[in-house]
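These notes are about the structure you will find just below.
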Amino acid sequence: MQLYPSLVLIALLCGNVLANFFPRLYFIGRGQLSLASNITIQIQGPDGLRTSDEFASGTLIGRDGRTLATLRSGIENGLEDSNGFFRRDSRTTWRLADNTTAYATIQGIGPADQGESFRFDVETNSTRFGYLNKIFILGNAKTVNRSLMFSLWST
């Protein structure tokens, strides 16, 4: 019977070590970016199909359900390679809830028909949202009917 308390202690120690090894993720918000209709430019090259499109609208909703930002302008560029992976490289400008502006880049990769993971870098002079300049933001997204549906997380 003395073996069981030892196993419980070992399991607790291992669980604590593993919990500290993996970063904790904090939900920032979710959003949608809609592409302009019928503006896509496509160029077939040696590395795959390159695309360029304009974002027509977008919103970022915080975890409390309030609008954090609305899209002012943006361009989506990407490459769909021969393996079916889409490599996103987008540039966007946002109007934040405090009426300041933020510039954000979205760079990611994933199966074109299933979704992708990306990095979301923000630059702003906002006092309220200045913390976005200092944190690592990652996300996951899926394109549905010319709209990019995404969630953002921070470590």
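The values are calculated or read from the model by the stated rules, or taken from the named source; none is laboratory data. As the structure is a computational prediction, the values presented were derived from the model and not from experiment. All Cβ positions, even for glycine, are placed from backbone atoms using ideal geometry, and neighbour counts span all protein chains on display. The area values use the complete protein model at the heavy-atom level, side chains included, leaving out ligands, DNA and RNA. Shrake-Rupley method; radii C 1.70, N 1.55, O 1.52, S 1.80 Å.
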Measure of exposure for T143: accessible area at 1.4 Å probe, Å² rounded to 10, is 80
On average, how much accessible surface per residue is there in the chain, in Å², for a 1.4 Å probe, leaving out ligands, DNA and RNA?
64
Amide H contacts under 5 Å for A56, placed H, 5+ residues apart
S34, L35, A36
Between N77 and L25, how many nm apart are label points set 7 Å from Cα along the C-beta direction?
2.8
Could you give the dipole magnitude of the chain about its Cα centre, charging the beta-carbon of Lys and Arg +1 and that of Asp and Glu -1, in debye to the nearest 20?
500
What does the charge count near F27 come to, summing +1 for each Lys or Arg and -1 for each Asp or Glu among other residues with Cβ under 12 Å from its Cβ?
+2
For segment 33-155, with equal point scatterers placed on the C-alpha atoms only and solvent neglected, what are the log10 I(q)/I(0) values from the Debye formula at q = 0.22 1/Å, to two decimals?
-1.36
If you roll a 1.4 angstrom probe over the protein chains with everything in place, what fraction of the accessible area of the chain belongs to carbon and sulfur, to the nearest %?
56
Sum of side-chain charges, K142 neighbourhood, beta-carbon under 11 Å (Lys, Arg +1; Asp, Glu -1)
-2
Angle check, please: helix 3-21 long axis (alpha carbons) against the longest principal axis of the chain (alpha carbons), in degrees 0 to 90, nearest 10.
30
